[in-house]
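To start, the structure itself, in structure tokens.
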Amino acid sequence: MNRLTITVALTAVLFSQLSHGNDLAQSIEADYRDRLGAMFRDFHINPELSTGEFRTAKKLAKALRKSGFKVTEGVGGTGVVALLKNGPGPLVMMRGDMDGLPLLEKTDLEYASKAMHKDPITGNTVPVMHACGHDVHVTSLIGTAKQMADRKDDWSGTLMLIGQPAEERVIGARAMMKDDLWQRFGKPDYAMAFHVAAGLPAGMINVQEGAPYAGADTVDIIIHGVGAHGASPHAGKDPVLLGSQIVVALQTLVSRELPPRQAGVVTVGSFHSGTKHNIISDRAHLQLTVRNTNLDTRRTLLEGIERIAVNLGRVAGLPDDKLPEVIVSEESTPPTVNNDSMVRRLKKVWMRKLGADKVSSIVSQGMGAEDFPYFTTDPAIASVYFSVGGTSLEDLAASKTGGAPIPSHHSPLFKIEPEPAITSGIQATVLALFELMPKQSS
Ligand SMILES: [Zn+2]
Ligand SMILES: [Zn+2]
């Protein structure tokens, strides 16, 4: 090797090291202009319902294959799993959900959805809209795949990208797990996902310790009474009265059994019983949603509901085989609990690379739920779920000075500023992946 060759080679190495740090943002923006912007609009115009994400999955799979990933389709329904092996190191999973919602879009966007689909679960034909921003998530997976494939010299390990179906029905992650996800493709050491967030300035990254999403349980209480004439209550066992006592007693779970700094919700959303003024019914049905931010709270609330319902049945004098039944539905999800040290690690990287003013740690005040934790029930998998801001600064400023309020997720007016939401989502993801899969020195 002569001196000139050495100089050229050294310059190339130096340039590549410098440019890899500096050109990530520009390279993602160029990809957005060339391809991702149009892809996002295409996904937005063509939303699909939970479990029916056929077109979306196909487009996602095609794009990931084009970036050199080994792609498997049809995992747990319409799920997509894409692997890129790049030497020794950890396996890191990044998930994006793909489904839209049964809503008629009412935004003024020129690419607003006019799609109508037959709901694969209910059979009804309904309008469909990406009213939660999952089109941002799918597009970001595609952008992340390209950056990681183009920068294989900068990391070492195995990257697993997941296109998940049916998040809105909280059944998609479970369906993929039931399809032997880890057995077939490997169990990750780290798992990540992000959600685009209306109300957070577009491009901001928010990440918190603890639980960004609550656990949710759907609970039914069936009360068996003894029917009688309304004028002869002594001849029956009144399930309306017993149900009312149960509803009131349930209010003590959060107020008197949870430690005051632990959050929980017990809501009785429906109470059905009876047919007529003068008939004491023989049955009542209560429907509850129960929310928690950790598994201890979940246990306290679910055990408390069972104890209250069954024992108030005893108080009413019902025999053991007629006591109220408490049924916890399959549609439940555990809380999404971040790994705190991984949060601190990623936050440090993001603050350094994106700027401290681009990263926040606002603690979620809501009790919304996610099905991502079905991927991370194994305590050996460290996970972080973060948010990427999706609302334009102009809309935010207007909303604070008497203008239109920011439409929430699942609103027909829901709207995302795709640039910089998508480019920031990709940048944050790629930086996190570099941190978790550092280049191995040989
Ligand atoms: Zn949603
Ligand atoms: Zn969502």
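Return the lysines within reach of residue 237: Cα separation strictly under 29 angstrom, same-chain partners fewer than 8 residues apart disregarded; answer none if there are no such residues.
Correct list for residue 237: 276, 322.
How about residue 66: which lysines have a C-alpha closer than 23 Å to its C-alpha, ignoring those fewer than 8 places off in the same chain?
58, 85, 146, 152
Please sort 164-175, 295-306, 215-226 by packing, taking for each peptide the average over its residues of neighbouring beta carbons within 10 angstrom, highest first. Could the numbers behind the result be given before it?
Details: 164-175: 23.4, 295-306: 18.2, 215-226: 20.7.
Top of the packing list down: 164-175, 215-226, 295-306.
Test of understanding: in a Gaussian network model of the chain with alpha carbons linked when under 10 Å, which of 409, 285, 195 would top the mean-square fluctuation ranking?
Per the Cα network of the chain with a 10 Å cutoff, 285 tops the list.
Might you report the magnitude of the Cβ-based charge dipole of the range 216-328 about its Cα centre, with Lys and Arg at +1 and Asp and Glu at -1, to the nearest 20 debye?
Working: 11 positive and 11 negative charges, 51 e Å.
In debye, rounded to 20, the range 216-328 gives about 240.
Please check: in the Gaussian network model of the chain (C-alpha springs, under 10 Å), which one of 372, 271, 69 has the largest mean-square fluctuation.
271
For a quick protection proxy, order the peptides 130-142, 318-330 by their average other-Cβ count within 10 Å, most packed first. Can you show the working numbers first?
Details: 130-142: 26.6, 318-330: 14.1.
Highest to lowest by the protection proxy: 130-142, 318-330.
Considering the zone a paramagnetic label at residue 413 would reach in this model (a point 7 Å from Cα along the Cα-to-Cβ line), which residues of the range 105-121 have amide N under 19 Å from it?
Hits in the range 105-121 for residue 413 at 19 Å: 105-113.
So how far, in whole Å, is the C-alpha centre of the range 357-402 from the one of the range 226-281?
One Cα centre to the other: 36 Å.
Count charges around residue 301 for me, please; just the other residues with Cβ under 9 Å from its Cβ, Lys/Arg as +1, Asp/Glu as -1. Don't jump to the answer; show the numbers that get you there.
On the way: positive: 291, 298, 299; negative: 217, 257, 303.
Charge balance in the 9 Å sphere: 0.
Once Lys and Arg get +1 and Asp and Glu get -1 on their Cβ, which of 79, 354, 318 lies farthest toward the positive end of the dipole of the chain?
Result: 354, furthest along the dipole toward the positive end.
Obtain the nm distance between the two label points defined at residue 289 and residue 277 by a simple spin-label model: each point lies 7 Å from its Cα along the Cα-to-C-beta direction.
The two pseudo-label positions are separated by 3.6 nm.
Between residue 252 and residue 321, what FRET efficiency follows from the Cβ-Cβ distance if R0 is 25 Å, with the result rounded to 0.05? Intermediate results must be reported in sequence, preceding the final value.
Working: r = 27 Å, r/R0 = 1.08.
With R0 = 25 Å, the Cβ-Cβ based efficiency is 0.40.
Got a sec? Charge dipole of the range 216-328, +1 on Cβ for Lys and Arg, -1 for Asp and Glu; which of 241, 270, 255 is way out at the positive end?
255
Along the charge dipole of the chain, Cβ charges K/R +1 and D/E -1, which of 147, 339, 133 sits furthest on the positive end?
147
Laboratory data are not the source of any read-out in this text; all were calculated from the coordinates shown. Please read these numbers as outputs of a predicted model, since none were measured by experiment. No Cβ is skipped: glycine too gets one built from the backbone with ideal geometry, and neighbour counts run over all protein chains shown.
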